[in-house]
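Below: the structure, in structure tokens.
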Number of protein chains: 2
Amino acid sequence: MSNKPSIPKGTRDFSPIEMARRNYIFDVIKKTYKKYGFQQIETPAMENLSTLVGTGGDESDKLIFKILNSGDYLAKADEKALQEKNANGLTKSIAEKALHYDLTVPFARYVVQNQNDITFPFRRFQIQPVWRADRPQRGRYREFYQCDADIIGSDSLLNEVDLIKIIDDVFTELFQGKLNYTVSVNNRKILQGIVESVGEQDKFEQIVVAIDKLDKIGIEKVIKELNDIGLSEKSVLSLMDLLAVTKGSSNLYEMALTQLEFLSQKINNTINGQKGIEELEFVFEKIQQLGLKTAHVKFDPTLARGLGYYTGTIIEVKVANFPSICGGGRYDDLTGKFGLKNVSGVGISFGADRIYDVLLDNNLYPEFKGDSTQVLFVNFGEKEQDYCLPLLFQLRDAGINAEIYPDKVKLQKQMTFANNKAINYVVIVGSDEMETGKLTVKNMETGTQEALTISELIEKCIN
Amino acid sequence: MSNKPSIPKGTRDFSPIEMARRNYIFDVIKKTYKKYGFQQIETPAMENLSTLVGTGGDESDKLIFKILNSGDYLAKADEKALQEKNANGLTKSIAEKALHYDLTVPFARYVVQNQNDITFPFRRFQIQPVWRADRPQRGRYREFYQCDADIIGSDSLLNEVDLIKIIDDVFTELFQGKLNYTVSVNNRKILQGIVESVGEQDKFEQIVVAIDKLDKIGIEKVIKELNDIGLSEKSVLSLMDLLAVTKGSSNLYEMALTQLEFLSQKINNTINGQKGIEELEFVFEKIQQLGLKTAHVKFDPTLARGLGYYTGTIIEVKVANFPSICGGGRYDDLTGKFGLKNVSGVGISFGADRIYDVLLDNNLYPEFKGDSTQVLFVNFGEKEQDYCLPLLFQLRDAGINAEIYPDKVKLQKQMTFANNKAINYVVIVGSDEMETGKLTVKNMETGTQEALTISELIEKCIN
């Protein structure tokens, strides 16, 4: 093989600097999750195909990467499907395993499988890659990381409050107050109430699909779509009227509460609507009492986040010019598929890859000096090398990242190496230095040199 | 689906306590790698199948998990293979991608693909899962983690010295001096010299395969195998004599050097043998000068580590009653397959899963208190909850992991929750506490209670 090697479409390598940035994001999210009492778990990349299919609908099933059985996989292949060259029909008989396409379904499977060992309410977080056979495009990958936190086994709306506070904490730290972001909140029951109050509950799912597109295609096209579904002009107008709750004060919590109050009067004839409004009022009141650091939180009755499995609160976080960077909500029956009924959960997921791009575009990464090599000893040959080796290990034993250039090559090449690797200090040891015990230490940022003992150098690096 | 859900054979879920233990191992390894100037990269889980096959031989190819192409994968299937139900022949045409089975081949591919952006010598580390369609058994999984460090683009034996020092640093920290372990070192060229000196270089590979089994099947069966290969009795005796270098002092470095000296006299008629001995002498001399903290290092001329791609130094780490927990060596032409010739590399890989078991069996894990929730507020109802919420967030903003029980349930249930989650302090707030502002704080380990203000509690948790 002499072709230039490549990687599959939609996948990526991560270089050292990219890893440092990613780890920075993961560390902020992990630390925050732990602060809120969440515990980390991991599930295998591979699940049984039967665990994954039929959870998110046919479209989702197509996105699942299947793993070919090992050995003579054709021996047990579905004969009829094979004859008819029916790929869809054949798959199940030649691929028992598949890569998970999200972390929610594996988590539901985990909860059911380990229900006797778990203390509920269970706060778990999970940061792992997921795989989707999606068409790759800018910002959409076939292998990407999700950072999920869920609370399972508690109906309390305090969990929703915690999740919004987590979002506030994470983006306050990552954005350092330099970037505006909006946390939109809705409740699936309010959407139901709105649709019921205009008497179109039979078309609920289609209406939600249409409303979900408001951001993307604009109000006129949504109205056309609603007409196409078969809604009367009166219904469409009432619907649009109810969704257009724009009144309110300039304080966002108060505005949200005013909007909810306004909407309440219109849909108080529906049980779902009233329940949804009560739930959201509780969340907004608590958030108002506790305060937020940098998040702009708002009530958005048009927020649907697809059909999915949400049954209560829905949350979505956006910054300008980017798709959603975090989202989540409450679901009432996630584990039902695996035989455990009536367990309510609520969770959020940070999109690490999009957050990565947001921070890069807005120049919000800190410097990662401590992560790479701090000190390089140049290599002038055997004698100098033998003098430097014990000093090198003194630095390392003091916890300082250090190395010696392993080969005796031109100084210029060694200095270029130090530059490219963004090393802070280069130690130059020749016959003078070996005689005096004072090392020549070059600061690579300022270009200045000074003579230091090894102890002085250690002190310099640690402070 | 109402069956109890399960996961594929040979894969595992990791619970919170298992995650804490694994992260502890990863953190020690990561920190040490960084101390030696290694930088982290990640490569995708999926590679093109053509990148992976033909690198480790036919047996390795069978261990690769292939990923079924998306969509109508039968449309482009190899018609002949399909007709003949030849699974082996069909695979390439229906599965273009596969899961990597180690981190070395993806790294070689990465180096070639990014050669213009990399500053050599390149010290990289990589900690990721790998997948192998192996028969699962105790201690052998189909999905497991590797922790690799390699230096590529330098022939210097100082790199070998660094790797042995890394092994010493990692196991000194993980084993805390409470567990003996041996670092066996050999050089592939010494093996070649030995075989050449008995005039059996034509059978080198078969001889290495036989010698590699010494540990497993014992000397008599190895001798039988050598006879079966067609070695004369004289050759076998000479071979066994050369491999049995047991003379030497009780100091391990000196013993190794004595053994090397002894062997040198016997195989100094072979260029490979002399070269291998010179290389190992350099490594042992440097290690002797620098010293080791806890590692017992020894020269083992029978160490082969399979046929693999090693061409120089070979390293293997063992503790009693376990298979190898770390291994590695030097390879001269890893990137050749991808069109980049003459780039030498040397590396090691820690087996995180085996190290996990070693630490567990020997009771060597530290307590992971800081990782989980430190403080739980019990929930007596709405009024108490509203009083506690701002206090809860004071703790969190001080960096303390804390939560409130989200629902008003029996105290007993909340205390059981705290116990199961190994929470340090439980805060009990009733009407008395709300009046005085002094919280009742129960130490869950000692069972004692005290009355503390929120500031006093914060101080207690931080210290």
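Summary table below
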read-out	value
Of all residues making up segment B:333-350, the number that are in contact with a strand residue (DSSP E or B) (Cβ under 8 Å, 6 or more places away or on another chain), in a loop (DSSP other than H, G, I, E, B) and either closer than 18 Å to B:H296 by Cβ or not β-branched (V, I, T) (or both)	2
Matching option when the condition is in contact (Cβ under 8 Å) with a residue 12 or more places away in the chain and facing chain B (nearest Cβ under 8 Å), among A:L63, A:L103, A:L99	A:L99
Hits in segment B:373-396 (condition: open to solvent by 50 Å² or more (accessible area, probe 1.4 Å) and either in a loop (DSSP other than H, G, I, E, B) or not assigned by TED's automatic domain parsing to the domain that holds B:L439 (or both))	B:F380
Test: residue in segment B:182-200 that is out of contact with any helix residue (DSSP H, G or I) (no Cβ under 9 Å at 6 or more places or on another chain) and surrounded by 18 or more Cβ atoms within 10 Å (Cβ to Cβ)	yes
Among (1) over 23 Å from B:L290 (Cβ atoms); (2) of a type outside the set (S, T, Y); (3) not in a helix (DSSP H, G or I) - the single one A:V441 does not satisfy	(1)
Failed item in (1) within 14 Å of chain B (Cβ to nearest Cβ); (2) in a strand (DSSP E or B), with A:N419 passing the rest	(2)
Count - residues of segment A:113-142 that are facing another protein chain (nearest Cβ under 9 Å), part of a loop (DSSP other than H, G, I, E, B) and open to solvent by 20 Å² or more (accessible area, probe 1.4 Å)	6
Residues being under 16 Å from the mean Cα position of the chain (by Cα) and open to solvent by less than 20 Å² (accessible area, probe 1.4 Å) - total across segment B:27-39	5
Given (1) surrounded by fewer than 17 Cβ atoms within 10 Å (Cβ to Cβ); (2) in a helix (DSSP H, G or I); (3) among the small types (G, A, S), number of the condition A:G399 does not satisfy	(2)
Any hit, segment B:22-44, residues being facing another protein chain (nearest Cβ under 7 Å) and closer than 26 Å to A:A75 by Cα	no
All positions within segment A:55-111 that are basic (K, R) and assigned to a loop (DSSP other than H, G, I, E, B)	A:K76, A:K85
Restricting segment B:355-372 to residues that are assigned to a loop (DSSP other than H, G, I, E, B) and at pLDDT below 95, the residue that is farthest from B:T416 (Cα to Cα)	B:P366
Residues (in a helix (DSSP H, G or I) and either more than 7 Å from chain B (Cβ to nearest Cβ) or open to solvent by 10 Å² or more (accessible area, probe 1.4 Å) (or both)) located in segment A:9-21	A:P16, A:I17, A:E18, A:A20, A:R21
Scan of segment A:412-447 for residues that are under 28 Å from B:I118 (Cα atoms), open to solvent by 80 Å² or more (accessible area, probe 1.4 Å) and polar (S, T, N, Q), ordered by number	A:Q412, A:N419, A:N420, A:T446
Residues located in segment B:395-416, provided they are in contact (Cβ under 8 Å) with a residue 12 or more places away in the chain, more than 40 Å from the chain's Cα centre (by Cα) and more than 9 Å from every other protein chain (Cβ to nearest Cβ)	B:V409, B:L411
Residue list for segment A:432-453, restricted to those being in contact with a helix residue (DSSP H, G or I) (Cβ under 9 Å, 6 or more places away or on another chain) and either of a type in the set (K, R) or farther than 22 Å from A:F417 by Cβ (or both)	A:M434, A:G437, A:K438, A:K442, A:A451
Check on A:D169, outside any strand (DSSP E or B), buried (at least 20 other Cβ atoms within 10 Å of the Cβ) and at pLDDT 95 or above	yes
Given (1) more than 9 Å from chain A (Cβ to nearest Cβ); (2) over 21 Å from A:K421 (Cα atoms); (3) modelled with pLDDT of 95 or more; (4) not in a strand (DSSP E or B), index of the condition B:Y145 fails	(4)
Subset tally (residues that are open to solvent by 30 Å² or more (accessible area, probe 1.4 Å) and farther than 23 Å from B:K337 by Cα) for segment B:61-112	12
Residues of segment A:216-235 satisfying the condition of being over 21 Å from A:N272 (Cβ atoms) and surrounded by 15 or more Cβ atoms within 10 Å (Cβ to Cβ)	A:V222, A:I223, A:E225
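For (1) within 14 Å of chain B (Cβ to nearest Cβ); (2) open to solvent by less than 10 Å² (accessible area, probe 1.4 Å); (3) within 30 Å of A:Q115 (Cα to Cα); (4) free of Cβ contacts under 8 Å to residues at least 60 places away in the same chain, each residue gets a yes or a no:
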| position | (1), (2), (3), (4) |
| --- | --- |
| A:D162 | yes, yes, yes, no |
| A:I211 | no, yes, no, no |
| A:S238 | no, no, no, yes |
| A:Y253 | no, no, no, yes |
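Residues are listed down the side, and each one gets a yes or a no for (1) assigned by TED's automatic domain parsing to the domain that holds B:L242; (2) crowded, with 18+ Cβ neighbours inside 10 Å; (3) closer than 20 Å to B:F26 by Cβ:
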site: B:I287; (1), (2), (3): yes, yes, no
site: B:L292; (1), (2), (3): yes, yes, no
site: B:V297; (1), (2), (3): yes, yes, no
site: B:L303; (1), (2), (3): yes, yes, no
site: B:T313; (1), (2), (3): yes, yes, no
site: B:D333; (1), (2), (3): no, no, no
site: B:N342; (1), (2), (3): no, no, no
site: B:V346; (1), (2), (3): no, yes, no
site: B:P366; (1), (2), (3): no, no, yes
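The values are calculated or read from the model by the stated rules, or taken from the named source; none is laboratory data. These numbers come from a predicted model, not from an experiment. Every residue, glycine as well, gets a Cβ built from its backbone with ideal geometry; the counts of neighbours run over all protein chains shown. For accessibility, only protein heavy atoms count, side chains too; no ligands or nucleic acids. Shrake-Rupley method; radii C 1.70, N 1.55, O 1.52, S 1.80 Å.
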